1. When B:ARG76 is evaluated against the numbered criteria (1) surrounded by 16 or more Cβ atoms within 10 Å (Cβ to Cβ); (2) modelled with pLDDT under 90, which criterion, by number, is the only one it fails?
2. For the range B:33-73, which fully contained helices (runs of 4 or more DSSP H) count at least 3 residues that are within 12 Å of DNA strand C (Cβ to nearest atom) and over 26 Å from B:PHE135 (Cα atoms)?
3. Scan the range A:41-51 residue by residue and report those that are within 6 Å of DNA strand D (Cβ to nearest atom) and either modelled with pLDDT of 95 or more or surrounded by fewer than 16 Cβ atoms within 10 Å (Cβ to Cβ) (or both).
4. If you take the residues in the range A:158-197 that are charged (D, E, K, R) and more than 7 Å from chain B (Cβ to nearest Cβ), which one is surrounded by the most Cβ atoms within 10 Å (Cβ to Cβ)?
5. Going through A:VAL144, A:VAL101 one at a time, which residue ends up being touching a helix residue (DSSP H, G or I) at 6+ places or on another chain (Cβ under 9 Å), surrounded by fewer than 18 Cβ atoms within 10 Å (Cβ to Cβ), outside the structural domain of A:LYS66 (by TED's automatic domain parsing) and not basic (Lys, Arg)?
6. Conditions: (1) within 11 Å of chain B (Cβ to nearest Cβ); (2) in contact with a helix residue (DSSP H, G or I) (Cβ under 8 Å, 6 or more places away or on another chain). A:GLU200 meets all but one. Number of the miss?
7. Taking the condition among the hydrophobic types (A, V, I, L, M, F, W, C), within 14 Å of chain B (Cβ to nearest Cβ), within 16 Å of DNA strand D (Cβ to nearest atom) and without any contact (Cβ under 8 Å) to a residue 40 or more places away in the chain, does A:ALA38 pass?
8. Looking at the range B:106-115, can you tell me whether even one residue there is of a type in the set (Ser, Thr, Tyr) and closer than 16 Å to B:ARG57 by Cα?
Number of protein chains: 2
Amino acid sequence: MTLNIASSDFLPTRRQGEVLDAALQLLVEDGDRLTMSAVAREASCSKETLYKWFGDREGLLTAIVKWQASKVGMPRVEPDKLNAQSLRKSIESFGRNLLSVLSGDISVALNRVAISHAGTDRSGLGRIVLENGRFAMGQRLKPVLEAGRDAGLLGFEDAEGAFCTFFGLLVRDTQIRLLLGDDLVLGKQAIEREAARATEQFISLYGT
Amino acid sequence: MTLNIASSDFLPTRRQGEVLDAALQLLVEDGDRLTMSAVAREASCSKETLYKWFGDREGLLTAIVKWQASKVGMPRVEPDKLNAQSLRKSIESFGRNLLSVLSGDISVALNRVAISHAGTDRSGLGRIVLENGRFAMGQRLKPVLEAGRDAGLLGFEDAEGAFCTFFGLLVRDTQIRLLLGDDLVLGKQAIEREAARATEQFISLYGT
DNA sequence: GCCGTACCGTAACGTACGGTACGGTGAGGA
DNA sequence: TCCTCACCGTACCGTACGTTACGGTACGGC
């Protein structure tokens with residue numbers, strides 16, 4: 001019986017986690033060209049086991065994405081004392097986190113494979129990546145923004161739109177360039193600089 | 001002898017253009033799953049001709065991208081009388097154009113296939129898409145921005161960064177969501193609204 | 001008329017890879 | 001000791017598709 005990977009309460013065993021780690025590494029290296037045989041070889045498991053656990057190739061890819069999503073902790077920002085200073089620091093910290101995740105090898109690889117499958121895809125890889133990436137991020141920052149609004153520090157109609165704008169100010173063309181293979185190196189320093197700039201601009205636009 | 005598709009002076013004949021149009025349509029419909037047989041069938045040409053003209057599958061994909069790039073006219077904006085009003089209208093018009101192109105089926109399909117091939121790609125599809133998309137756009141808007149700066153209407157250090165910010169304000173998460181298959185419908189009205197908002201915010205940030 | 005060129009349509013080849021089958025091995029349990 | 005179970009390794013199957021080969025047609029030049 002195939003594991004119901006689609007269910008949200010998917011808890012891989014230790015061994016399954018090892019296999020998924022190996023598969024993820026291959027996915028980062030080879031992209032969508034990873035083969036079931038290569039995964040089996042790398043993870044020292046049999047193809048039969050792969051198919052037993054994950055159903056088919058699509059199921060394996062889906063499991064990889066969910067596995068990674070379960071591992072990466074979303075940046076949780078909760079300013080204790082809300083004032084202009086702490087709000088700015090919260091937003092900027094969130095931005096640093098988001099940008100460093102989005103520009104990482106793993107995020108790029110997962111987005112690439114999900115995009116490759118979008119359009120002709122019944123497993124909904126793109127949807128999963130969106131839910132665990134872009135949308136989850138919005139859910140994390142929006143409370144902060146709304147708290148800032150309630151405290152009279154920010155002004156906006158809908159938090160969704162405000163987050164979208166912050167996302168745009170932060171990411172700009174970085175993600176699409178990385179996805180397209182542009183050799184853009186985003187060091188720690190550059191990430192901090194970009195997050196600071198985006199925060200500055202965001203508060204300039206939405207601050208009261 | 002294979003045509004040197006890589007050269008910038010690639011001028012397809014009328015017949016070749018028809019074949020590339022058919023291939024482009026298939027690419028939009030089927031994405032990267034398009035096959036040489038399907039192209040030959042749809043274009044009513046022989047596979048032998050495809051290989052003679054384009055070398056191999058990669059060459060065909062490259063030719064499709066270049067063909068589309070040669071067809072789409074970049075929005076050229078040149079405000080004759082430069083004042084705050086005309087500058088704003090120029091930027092906003094450019095934004096409308098850019099957003100409607102980026103959210104179109106063809107752009108999404110081409111970006112998807114280029115992203116699929118990025119990382120393990122000898123033909124540099126991603127580079128070509130970047131050159132003819134994102135970078136070409138920057139080259140078009142930057143003179144306008146610099147003219148605005150010279151006229152004392154805008155203030156920024158480097159035009160590249162300013163364009164990046166406008167790009168981010170305009171596109172936000174639209175492109176990545178479309179690439180990931182999110183069923184986002186961006187009508188004419190929404191495009192105009194977004195372009196107006198982005199322009200407003202950009203001038204608010206960079207206006208003097 | 002004959003040749004070369006360019007092209008169409010189709011058949012065929014080779015291979016990579018998803019998916020399956022099967023024998024072998026080690027652990028736990030009666 | 002024997003059975004069962006989960007798993008590994010590997011050989012195998014079927015198919016899709018990139019690529020090549022080849023026969024046939026139209027046409028322009030000599």
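The values are calculated or read from the model by the stated rules, or taken from the named source; none is laboratory data. Note that this is a predicted model, so its numbers are computed, not measured. Positions of Cβ are generated from backbone atoms using ideal geometry, with glycine treated the same way; all protein chains shown enter the neighbour counts.
1. (1)
2. Fully inside the range B:33-73 and qualifying: B:36-43, B:47-54.
3. A:SER44, A:SER46, A:LYS47, A:GLU48, A:THR49
4. Kept after step one, since they are charged (D, E, K, R), are these residues of the range A:158-197: A:158, A:160, A:172-173, A:177, A:182-183, A:188, A:192-194, A:197.
Narrowing further to those that are more than 7 Å from chain B (Cβ to nearest Cβ): A:158, A:160, A:183, A:188, A:192-194, A:197.
Working: A:ASP158: 9, A:GLU160: 12, A:ASP183: 7, A:LYS188: 9, A:GLU192: 15, A:ARG193: 13, A:GLU194: 21, A:ARG197: 17.
Of everything passing the filter in the range A:158-197, A:GLU194 is surrounded by the most Cβ atoms within 10 Å (Cβ to Cβ).
5. Of A:VAL144, A:VAL101, the one residue that is touching a helix residue (DSSP H, G or I) at 6+ places or on another chain (Cβ under 9 Å), surrounded by fewer than 18 Cβ atoms within 10 Å (Cβ to Cβ), outside the structural domain of A:LYS66 (by TED's automatic domain parsing) and not basic (Lys, Arg) is A:VAL101.
6. All conditions are met except number (2).
7. yes
8. no
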